[in-house]
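S.K.: Can you keep this structure in mind? I'll have questions shortly.
The values are calculated or read from the model by the stated rules, or taken from the named source; none is laboratory data. Predicted, not measured: the structure shown is a model, and the values here were computed from it. Neighbour counts are summed over all protein chains in view; Cβ atoms, including those assigned to glycine, are modelled from backbone coordinates with ideal geometry.
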Amino acid sequence: MNKKTILLTGANGEIGHTLLEDLTNHGHSVIAIDLHPLSPEHESLCEEVIVGNILDEDVIRAAEKHDIHEIYHLAALLSTSAERNPELGHRVNVEGTLNFLQLAYRLGKRMGEPVKFLFPSTIAVFGIASLDDKMRIGKVSEEDCLMPMTMYGVNKLYNEHLGRYYSELYKRLSPETETGFIDFRGVRFPGLISAFTVPTGGTSDFAPEMIHSAAQHKPYTCFVRPDAQIPFMAMPDGVRALVELAAAPAENLTRRIYNIGAFAPSAAEIADIVRKAFPDTIITFSPDEKRQGIIDSWPADVDDSAARNDWGWKPQYDLERTFNEYLLPNITKMYS
Ligand code: SER
């Protein structure tokens with residue numbers, strides 16, 4: 001594989017850690033951006049770490065010194081955080097993304113080749129009006145139910161369009177051709193479950209919180225109903241999806257944004273499997289009506305046939321394997 005220089009925003013986040021390890025294992029040179037310093041181990045993997053806000057021009061300028069071939073723009077405020085402060089959510093999620101699309105455009109123009117822009121979108125772009133509709137609809141395809149019910153979902157759906165605009169239509173009235181400098185690609189992630197970190201500020205957090213609490217022998221009160229159902233994915237599959245989409249030949253891609261799925265258990269099914277793994281665990285359900293409302297507006301599952309057909313997407317971890325081969329060994333070691 002050719003060694004590339006890759007920019008990672010949100011490098012200290014859940015996806016960032018695993019992706020940083022994956023990219024540097026494959027010999028790539030990583031420029032990392034995060035609001036907070038990286039751990040010494042993660043910092044030592046990077047060519048440069050820029051600590052700062054993605055809204056700060058100095059941060060963008062520091063990154064722009066490098067010839068960057070790919071940008072994984074992970075920095076974002078997740079659904080619960082953005083709902084608690086929608087204007088901040090908009091600034092970070094939309095203005096932050098715009099900054100990096102503009103950076104990609106300038107870099108692409110300077111280097112004379114398109115910069116690949118990998119974008120983690122989300123099932124939060126979907127919005128279903130009622131639980132009955134949700135259960136009737138089942139798997140949603142990419143164009144279904146695009147009526148997001150959270151600031152985060154609104155931001156991410158708009159970003160998907162911004163990416164398409166910058167790739168295909170940017171400054172379309174200009175006498176010079178201004179397109180072709182960005183190759184924007186994205187996946188809509190389900191809830192992601194990592195063995196190493198507990199997410200903050202998301203609404204799908206009930207699953208990872210339940211698992212990490214059990215591993216620490218702490219009781220957990222779940223903030224959604226037992227029947228709450230959304231798709232989930234193990235972090236190694238999530239990272240692999242981004243990397244494989246980045247590597248896919250452009251001529252095979254029929255769209256810029258793809259649904260990706262793995263498994264779609266109810267909260268009760270997750271609790272059962274957690275109880276089996278950690279028999280002393282105490283899980284109770286005390287639904288928070290408002291956060292439950294967000295989960296009810298997200299689809300029960302996604303149709304990911306386009307990703308499977310165009311770039312060979314296939315999850316390697318179902319729920320059982322996620323638990324037995326990824327979560328249990330790593331989590332148990334981490335908390336022991
Ligand atoms: N995990 C995200 C959230 O809960 C959804 O993409 O906000």
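S.K.: Can you confirm whether the range 36-51 contains a residue that is at pLDDT 95 or above and under 28 Å from residue 148 (Cα atoms)?
M.R.: Taking the range 36-51 first, the residues at pLDDT 95 or above are 36-51.
The next check asks that each one be under 28 Å from residue 148 (Cα atoms); those that pass are none.
No, the range 36-51 has no match at all.
S.K.: If you take the residues in the range 107-133 that are within 16 Å of the ligand (Cβ to nearest atom), of a type outside the set (Val, Ile, Thr) and out of contact with any Cys (no Cβ under 9 Å at 6 or more places or on another chain), which one is farthest from residue 204 (Cα to Cα)? Step through it out loud before you land on a result.
M.R.: Restricting attention to the range 107-133, the residues satisfying the condition of being within 16 Å of the ligand (Cβ to nearest atom) are 118-128.
Now narrow it down to the ones that are of a type outside the set (Val, Ile, Thr): 118-121, 124, 126-127.
Then keep just the ones that are out of contact with any Cys (no Cβ under 9 Å at 6 or more places or on another chain); that gives 118-121, 124.
On the way: 118: 22, 119: 19, 120: 15, 121: 14, 124: 10 Å.
Per the criteria, the residue is 118.
S.K.: Restricting attention to strands (runs of 3 or more DSSP E) lying wholly within the range 163-235, give those where 2 or more residues are within 16 Å of the ligand (Cβ to nearest atom). Can you show your working first?
M.R.: Working: elements: 182-189, 191-193, 220-222, 232-234.
Because the criterion is at least 2 residues that are within 16 Å of the ligand (Cβ to nearest atom), the strands (runs of 3 or more DSSP E) in the range 163-235 that meet it are 182-189, 191-193, 232-234.
S.K.: Quick check on my filter: what residues within the range 211-246 are free of Cβ contacts under 8 Å to residues at least 24 places away in the same chain and over 30 Å from residue 287 (Cβ atoms)? Break it down into steps so the answer makes sense when it comes.
M.R.: Just the residues of the range 211-246 that are free of Cβ contacts under 8 Å to residues at least 24 places away in the same chain, to begin with: 218.
Passing the criteria: none in range.
S.K.: Tell me which residues, restricted to the range 153-177, are in contact (Cβ under 8 Å) with a residue 60 or more places away in the chain and over 21 Å from the mean Cα position of the chain (by Cα). Quick ask: steps written out before the conclusion?
M.R.: Residues of the range 153-177 that are in contact (Cβ under 8 Å) with a residue 60 or more places away in the chain, as a first pass: 153, 155-156, 158-160, 162-164, 166-167, 170.
Selection gives 170 alone.
S.K.: Please work out which residue is nearest to residue 87 (Cα to Cα), limiting yourself to the range 147-162 and to residues that are within 16 Å of the ligand (Cβ to nearest atom), not in a loop (DSSP other than H, G, I, E, B) and not charged (D, E, K, R).
M.R.: 151
S.K.: Can you spot a residue in the range 236-257 that is within 15 Å of the ligand (Cβ to nearest atom), closer than 25 Å to residue 134 by Cα, touching a Phe, Trp or Tyr at 6+ places or on another chain (Cβ under 7 Å) and not in a helix (DSSP H, G or I)?
M.R.: Within the range 236-257, none of the residues are within 15 Å of the ligand (Cβ to nearest atom), closer than 25 Å to residue 134 by Cα, touching a Phe, Trp or Tyr at 6+ places or on another chain (Cβ under 7 Å) and not in a helix (DSSP H, G or I).
S.K.: In the list 67, 22, which residue meets the criterion of being in contact with a helix residue (DSSP H, G or I) (Cβ under 6 Å, 6 or more places away or on another chain) and farther than 24 Å from residue 237 by Cβ? Walk me through it before giving the result.
M.R.: On the way: 22 fails: farther than 24 Å from residue 237 by Cβ.
Every option except 67 fails the conditions.
S.K.: Please specify each residue of the range 107-118 satisfying the condition of being assigned to a helix (DSSP H, G or I) and of a type in the set (A, V, I, L, M).
M.R.: Of the residues in the range 107-118, the ones assigned to a helix (DSSP H, G or I) are 107-111.
Within the range 107-118, 107, 111 meet the criteria.
S.K.: While we're here: Go through the range 189-210 and count every residue that is surrounded by fewer than 22 Cβ atoms within 10 Å (Cβ to Cβ), free of Cβ contacts under 8 Å to residues at least 60 places away in the same chain and not hydrophobic (A, V, I, L, M, F, W, C).
M.R.: Going through the range 189-210 one residue at a time, the tally reaches 1.
S.K.: Right, something else. Given the condition crowded, with 21+ Cβ neighbours inside 10 Å, over 19 Å from residue 153 (Cα atoms) and of a type outside the set (Phe, Trp, Tyr), answer yes or no: does some residue in the range 318-327 qualify?
M.R.: Looking for residues that are crowded, with 21+ Cβ neighbours inside 10 Å, over 19 Å from residue 153 (Cα atoms) and of a type outside the set (Phe, Trp, Tyr), one finds at least one in the range 318-327, hence yes.
S.K.: Additional query: In the list 67, 56, which residue meets the criterion of being away from the ligand (no atom under 16 Å from the Cβ) and more than 18 Å from residue 183 (Cβ to Cβ)? Quick ask: steps written out before the conclusion?
M.R.: Numbers: 67 fails: more than 18 Å from residue 183 (Cβ to Cβ).
Selected residue: 56, the only one of 67, 56 that is away from the ligand (no atom under 16 Å from the Cβ) and more than 18 Å from residue 183 (Cβ to Cβ).
S.K.: Could you list, in sequence order, all residues of the range 62-80 that are more than 15 Å from the chain's Cα centre (by Cα) and either under 21 Å from residue 185 (Cβ atoms) or in a helix (DSSP H, G or I) (or both)? Give the derivation first.
M.R.: At the first step, the residues of the range 62-80 found to be more than 15 Å from the chain's Cα centre (by Cα) are 62-70.
Passing the criteria: 62, 63, 64, 66, 67, 68, 69, 70.
S.K.: Moving to a separate point now. Among the residues of the range 306-318, write down those that are without any contact (Cβ under 8 Å) to a residue 60 or more places away in the chain and either at positive phi or not in a loop (DSSP other than H, G, I, E, B) (or both). Don't jump to the end; show me each part of the working.
M.R.: Keep residues of the range 306-318 that are without any contact (Cβ under 8 Å) to a residue 60 or more places away in the chain, which gives 308-309, 314, 318.
Matches in the range 306-318: 308, 309.
S.K.: Tally up the residues in the range 81-106 that are farther than 14 Å from residue 184 by Cα and either of a type in the set (A, V, I, L, M) or not in a helix (DSSP H, G or I) (or both), please.
M.R.: 5
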